[in-house]
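Bear in mind that the values in this text are calculations on the coordinates, not laboratory data. What you see is a predicted model; the values in this text were computed from it and never measured. Virtual Cβ from ideal backbone geometry, glycine too; neighbours counted across all protein chains shown.
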Amino acid sequence: MTVRSLPFDRRGSSAAEFALVLPLLILLLFGIIDTGRFFWELNRSEKATQMGARMAIVTDPVSPDLVGASYVSGTIKAGDVIPANQLGTVKCTSTGCTCETAPCPSGGGTVDSAAFNLIVARMAKMNPLIAANNVVIRYSGSGFGYAGAADETMDVQPLVNVQLQNMQFRPIALLGFGGWNLPNASATLTAEDSSGSISN
């Protein structure tokens with residue numbers, strides 16, 4: 001083959017075209033896989049919060065101040081239904097509980113670590129990457145419950161919201177060099193017996 005005939009030689013054209021298209025094909029393939037993985041992780045987060053909320057409404061409350069709170073006052077007598085506005089929003093994380101919206105039960109903002117860890121452990125069965133710092137639990141007034149209950153459970157039956165936040169998604173198409181936070185997942189249920197450490 002002479003130098004003059006080289007520009008007209010077509011024997012390697014298929015290989016050159018394939019080499020140009022292959023990276024785009026691989027990127028498209030991994031993009032499709034990552035899209036499926038993203039929605040899988042999103043669904044797992046939502047199911048984990050639902051499991052956490054179910055656990056939270058049937059076991060001991062994370063905020064011990066809710067158990068000892070009395071709602072008997074000048075306008076509410078023992079046995080009366082507790083209005084929703086008698087409990088604001090108590091926000092609990094693994095480090096403590098704070099009053100997000102007043103009124104809240106008085107107390108030191110302590111958190112029942114055993115109760116909190118039970119909820120996190122239940123959620124981690126759905127997604128093992130869930131850690132305590134990813135979970136936020138809120139209690140707010142629901143309009144259920146009777147003032148002056150004689151037992152050692154909560155008088156009020158609050159709405160219990162379990163939120164999962166700051167969960168990372170790392171696409172394989174970026175080879176682990178990047179990622180982003182999944183949207184926060186949240187589930188809310190009304191408290192049931194709120195006593196004990198076992199859930200179905």
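Once both axes come from the Cα atoms, what is the angle between helix 113-126 and the longest principal axis of the chain, in degrees from 0 to 90, rounded to 10?
Orientation of helix 113-126: about 30 degrees from the principal axis.
Can you tell which of 13, 186, 106 shows the greatest fluctuation in a Gaussian network model of the chain with Cα springs below 10 Å?
13
Three principal axis extents, largest first, for the C-alpha atoms of the stretch 45-200, in Å?
64, 30, 24
If the cut-off is 26 Å between C-alpha atoms, which lysines fall inside it for residue 47, apart from same-chain ones fewer than 8 positions away?
91, 125
Taking the Cβ of residue 51 as the centre, find all other residues whose Cβ is under 12 Å away and add up their charges (Lys, Arg: +1; Asp, Glu: -1).
Its environment carries a net charge of +4.
Could you tally the net charge around residue 134, taking each other residue with its Cβ under 15 Å from the Cβ of residue 134, Lys/Arg +1 and Asp/Glu -1?
Net local charge, residue 134 excluded: +4.
Whole-Hz ³J(HN,Hα) for each residue in the stretch 158-164, computed from phi via Karplus 6.51 cos²θ - 1.76 cosθ + 1.60 with θ = phi - 60°, x for glycine and proline: what do you get?
So the Karplus estimates, Gly and Pro as x, are x, 6, 10, 10, 10, 10, 10 Hz.
Once phi is turned into θ = phi - 60°, what whole-Hz ³J(HN,Hα) does the Karplus curve with 6.51, -1.76 and 1.60 give for every residue of the stretch 55-69, x standing for Gly and Pro?
Coupling constants for the stretch 55-69: 5, 5, 7, 10, 10, 3, x, 5, 9, x, 5, 5, 6, x, 5 Hz.
Cα centroids of the stretch 78-156 and the stretch 157-200: how far apart, whole angstrom?
16
Can you give me the long-range amide H partners of residue 146? Hydrogens built in the peptide plane at 1.01 Å from N, cutoff under 5 Å, separation of 5 or more residues or another chain.
82
Listing 182, 118, 164, 42 from the residue with the fewest other Cβ atoms within 10 Å to the one with the most, what is the order?
42, 182, 118, 164
For the chain, set up a Gaussian network in which alpha carbons nearer than 10 Å are linked by springs, and say which option among 63, 14, 45 fluctuates the most.
14
Counting Lys +1, Arg +1, Asp -1, Glu -1, what net charge surrounds residue 175 among other residues with beta carbon under 15 Å of its beta carbon?
It works out to a net charge of +1.
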